[in-house]
Structures are given as structure tokens and as C-alpha cells.
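Here's the structure we're looking at; comments come further down.
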Amino acid sequence: MKKILAAVALVGLSTTAALAAPEKYVLDSSHSQIVFSYNHLGFSTGSGMFSGFEGEIMFDQEAPANSSVSVSMPLSSMLTGWQARFDHFMSADFFGAKGDEQITFTSTNIEVTGDTAAKITGDLTLNGVTKSVVLDATLNQAGDHPMAGKPWAGFDATTTLVRSDFGLEKFAPYVSDEVAVAISVEAMKAE
């Protein structure tokens, strides 16, 4: 889901070099994360995250809107900070997970909305349901990585998901149906 942000970061690369064809970038799994949060009964804000996931971006530097992004991660890589909460999320109350379920995002459109901003529309598959979602993405920085010595890009993105759209409505509205999602990723030019 969060490889999506890499596409926006690559939009900024169009100011640093001119390329005739899309180039492949891969997510830096060690510096990419997706954080989600939700209201718990009005008493607190619960949160969790995904990290270490994989994805790629095909970036057309001359025409960024022609770029694409795809990301996948195992549902079991969710981090909640408390094993009992993780177990509950994997139970029949929510995902009914068996252990091999994947979350995927594949872009279907990138609309450049500013020098460092874009709306990335794509198909999110979660809990066996595929829905179109829009990410509001911002380029943080693009250029040569000071340690790796090759092109790199970093960006943030946000969206709001509605749990019930994905068959995860248990305890709504007491536990909020809306889940805020914040993505921060880095991507490197593939060799």
C-alpha cells in the first residue's frame, strides 16, 4: 500500500534528469512503513504498523503521470505492540487469517497536482476485497543517496480507509469504521 508513495517521490526526479523511458525503483524495506490508527470507544487512539514490505515503481521521468507502482505485504507482518491485539485482529472477528493472506496495492492512475504533490489512485486488496483508494502523496526529497551513491527518493502519503468496505466492520461504530493511514517510504533505483 505504501510503495505508492515512492511513485510520488519519483515525480520530483523529473527536475533532476531527463529520461526517455520508465525506470524501475524498488522500495527500501528498512526505511518504509505504513502506520494506521483508529478511535477505540472514544477513549483512545489505537495504532499499528506494517514495515519491511516490498514494492516497485516504474517511473517515467518525462511524463510522471505515466508511472506506476505496486506493493505487497503479508497481513501477518502487522505490528500492534501487543500480541493479544494482533491475535484478535487475526481472529474471526476481523480477518479470520490463516497465515498466508497478502495485502496488495496496484496503481491505476497518477495525477500530478503540484511540484511535489500527486494523487495516486489504485486498487487495494485487503481481506479478499478489492476497492479503489486514493493516496494524497508528497515528495520529501529526490536525488543521490549520500551513502549508497545512486538515485533515491522519499515521500509521504495519507488516506482514510473504511473498515466495513473490506468486510471488517466488527464493533463499528464504537471502534471507528474509519482508519487513518500514513505512509512514509524510500525507494532506490534498481540495478
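Here Asp93 does not qualify as free of Cβ contacts under 8 Å to residues at least 60 places away in the same chain and of a type outside the set (A, V, I, L, M). Summed over region 45-68, the residues that are in contact (Cβ under 8 Å) with a residue 60 or more places away in the chain, open to solvent by 20 Å² or more (accessible area, probe 1.4 Å) and not small (Gly, Ala, Ser) give a count of 1. Screening the candidates Val26, Val71 for the property of being assigned to a strand (DSSP E or B), of a type in the set (A, V, I, L, M), modelled with pLDDT of 95 or more and open to solvent by 20 Å² or more (accessible area, probe 1.4 Å) yields one hit, Val26. hydroxyl-bearing (Ser, Thr, Tyr), closer than 23 Å to Ser37 by Cβ and open to solvent by 20 Å² or more (accessible area, probe 1.4 Å): is that true of Thr158 in this structure? Against the criterion (hydroxyl-bearing (Ser, Thr, Tyr), closer than 23 Å to Ser37 by Cβ and open to solvent by 20 Å² or more (accessible area, probe 1.4 Å)), Thr158 qualifies.
Note on region 29-44: residues that are in a strand (DSSP E or B) and open to solvent by 40 Å² or more (accessible area, probe 1.4 Å) amount to 5. Return yes or no: is Thr138 at pLDDT below 95, open to solvent by less than 80 Å² (accessible area, probe 1.4 Å), polar (S, T, N, Q) and part of a strand (DSSP E or B)? Yes, satisfied. Residues that are out of contact with any Asp or Glu (no Cβ under 9 Å at 6 or more places or on another chain), surrounded by 15 or more Cβ atoms within 10 Å (Cβ to Cβ) and closer than 15 Å to Ile57 by Cβ within region 104-135 comprise Ile110, Val112, Gly122, Leu135, listed in sequence order.
The values are calculated or read from the model by the stated rules, or taken from the named source; none is laboratory data. The shown structure was predicted, so the numbers you read here are calculated from the model rather than taken from an experiment. As a convention, Cβ positions derive from the backbone with ideal geometry for all residues, glycine included, and neighbour counts pool all protein chains shown. These area figures cover heavy atoms from the full protein model, side chains too; ligands, DNA and RNA do not enter into them. Shrake-Rupley method; radii C 1.70, N 1.55, O 1.52, S 1.80 Å.
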